[in-house]
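See structure below.
The values are calculated or read from the model by the stated rules, or taken from the named source; none is laboratory data. Source: prediction; values computed, not measured. We place every Cβ from the backbone using ideal geometry, glycine too, and count neighbours over all the protein chains shown.
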Amino acid sequence: MKNIGILTGGGDCPGLNATIRAVAKKGIVDYDYKMYGILEGWRGLIDGMIKELDMDSVSGILHRGGTIIGTSRTNPFGKDNKGDPEKILENIKKLDLHAIVSIGGDDTQGVALKLFKMGVNVVGIPKTIDNDLSGTDFTFGFDTAVNIATEAIDRLHTTAESHNRVMVVEVMGRHAGWIATFAGIAGGADLILIPEKPIDMEEVYDVLRKRHERGKNYSIVVVAEGIKIPQENEKGDGFVLQTEKRDDFGHIMLGGVGAVLAKLIERGTGFEARCTVLGHTQRGGTPTAFDRILGTRFGIAAIELVYRGIFGKIVVLRGNEIIPKDLKDVIGQNKTVDDYWYDIAKVFFG
Ligand code: F6P
């Protein structure tokens, strides 16, 4: 009987448990594997923290948000690591893990690729609410985040209208504006600002002024946290930061651009503005049916690859098919919002 490890890395997202359940149940039932959850992402492999995932422990979790095995942004190859990659190799040997299914975004899969090159059997599953992993049409978690943001925009419409206000809604999206664009289209935003499109504040004021001139006394502006407002921030290279601390992968911590924007809009147009930051509500709670199904399909496809002995791959969604791709062809390239989507959104600006 072979032992297989599953881990979840990076920010949590809805659909992780559905995915863990699919990998574990298929592994146990069809392949007679002994399944283990590696706790708290790559940290669990450095410290040898695992727990068995039997049929009972993965039952009743399909609809639950978060991850039953915990997650972290631990980077074993980070500049301050203390022989972490070697500790991982030792633990894999000690725990007799035949293969590892790593569920995560670009950072997590980047580590998976490095370990694969060191001889570890890995298969990746793409996850992030940001939908910015290249090679796949969608990651699971994104659909849930878009639905949460859309519901928030729907609610903000009525209060914006009652008070004649501009409502700025800040959503997640570090490198890419997928959540902002999709939720903005679905929620009928009057303006969507994303990292892919340089911001010109004069144009922003102009769109809002024109809208007010044609009798609309309120507006909804959806903004991705990763936009740069050139005149506002010198320290963060144009980004608005929560703190100057960086995570293990060297990422800055974004957040707060919505409030900055609301102030500028008030100053630049004279319209009263408020900001709502959706933050981690976009990542918490029950996954949509779409995310449960996508996670389930990814999970089944990944453990099938393990069974067939095909490693160094990540399963992705292309059209309606789940296919394997080489990890090396997917890592380190952000999938950003293309003009097809932004042009649709733009039709409804103002
Ligand atoms: O997982 C990606 C993401 O959702 C980004 O959009 C966001 O910047 C980041 O996570 C915030 O995560 P945390 O607060 O957990 O560090």
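Determine whether G226 is at pLDDT below 95, in a loop (DSSP other than H, G, I, E, B) and closer than 20 Å to F182 by Cβ. Judged against the criteria, G226 is a match. Contact map, region 268-287: residues that are within 16 Å of the ligand (Cβ to nearest atom) and at pLDDT 95 or above paired with residues that are assigned to a loop (DSSP other than H, G, I, E, B) and β-branched (V, I, T), Cβ distance under 7 Å, separation 6+ or inter-chain. Pairs shown: Q282/I129; R283/I129.
Tallying residues that are touching a residue at least 40 places away in the same chain (Cβ under 8 Å), within 17 Å of K114 (Cβ to Cβ) and either buried (at least 19 other Cβ atoms within 10 Å of the Cβ) or hydrophobic (A, V, I, L, M, F, W, C) (or both) within region 85-95 yields 3.
The set of residues in region 1-49 being over 25 Å from F77 (Cα atoms), modelled with pLDDT of 95 or more and either part of a loop (DSSP other than H, G, I, E, B) or polar (S, T, N, Q) (or both) consists of K2, P14, G15, N17, T19, D32, Y33. Only one entry in I129, I125, I179 is buried (at least 20 other Cβ atoms within 10 Å of the Cβ) and assigned to a strand (DSSP E or B), namely I125. Filter region 293-311 for residues that are touching a helix residue (DSSP H, G or I) at 6+ places or on another chain (Cβ under 7 Å) and not in a helix (DSSP H, G or I) and give the result. Within region 293-311, F311 is the sole residue that qualifies.
Quick one: is G37 among the small types (G, A, S), within 16 Å of the ligand (Cβ to nearest atom) and either outside the structural domain of D56 (by TED's automatic domain parsing) or out of contact with any helix residue (DSSP H, G or I) (no Cβ under 6 Å at 6 or more places or on another chain) (or both)?
Judged against the criteria, G37 is not a match.
Taken over region 197-207, the residue count meeting the criterion of being out of contact with any Lys or Arg (no Cβ under 8 Å at 6 or more places or on another chain) and either surrounded by 21 or more Cβ atoms within 10 Å (Cβ to Cβ) or not acidic (D, E) (or both) is 5.
Taken over region 143-177, residues that are out of contact with any Cys (no Cβ under 8 Å at 6 or more places or on another chain) and near the ligand (Cβ under 10 Å from one of its atoms) amount to 6. Within region 312-350, the set of residues being assigned to a loop (DSSP other than H, G, I, E, B), at negative phi and touching a helix residue (DSSP H, G or I) at 6+ places or on another chain (Cβ under 9 Å) comprises V330, I331, Q333, K335, T336, V337, F348, F349.
The criterion of being within 20 Å of L191 (Cβ to Cβ), among the charged types (D, E, K, R) and part of a helix (DSSP H, G or I) holds for R267. Six or more apart or on different chains, Cβ atoms under 8 Å: show the pairs whose first residue is in region 216-239 and among the basic types (K, R) and whose second is more than 15 Å from the ligand (Cβ to nearest atom) and at pLDDT 95 or above. Final answer for the pair search is K216/D190.
Among the residues of region 30-44, are any closer than 22 Å to V315 by Cβ, crowded, with 17+ Cβ neighbours inside 10 Å and within 18 Å of the chain's Cα centre (by Cα)? Within region 30-44, one or more residues are closer than 22 Å to V315 by Cβ, crowded, with 17+ Cβ neighbours inside 10 Å and within 18 Å of the chain's Cα centre (by Cα).
What residue, among those in region 248-263 that are assigned to a helix (DSSP H, G or I) and either more than 30 Å from G41 (Cα to Cα) or in contact with a helix residue (DSSP H, G or I) (Cβ under 7 Å, 6 or more places away or on another chain) (or both), is farthest from the ligand (Cβ to nearest atom)? Break it down into steps so the answer makes sense when it comes.
Initially, region 248-263 is screened for residues assigned to a helix (DSSP H, G or I), giving 257-263.
Narrowing further to those that are either more than 30 Å from G41 (Cα to Cα) or in contact with a helix residue (DSSP H, G or I) (Cβ under 7 Å, 6 or more places away or on another chain) (or both): 258-263.
Values: G258: 13, A259: 16, V260: 16, L261: 17, A262: 19, K263: 21 Å.
Here the answer is K263.
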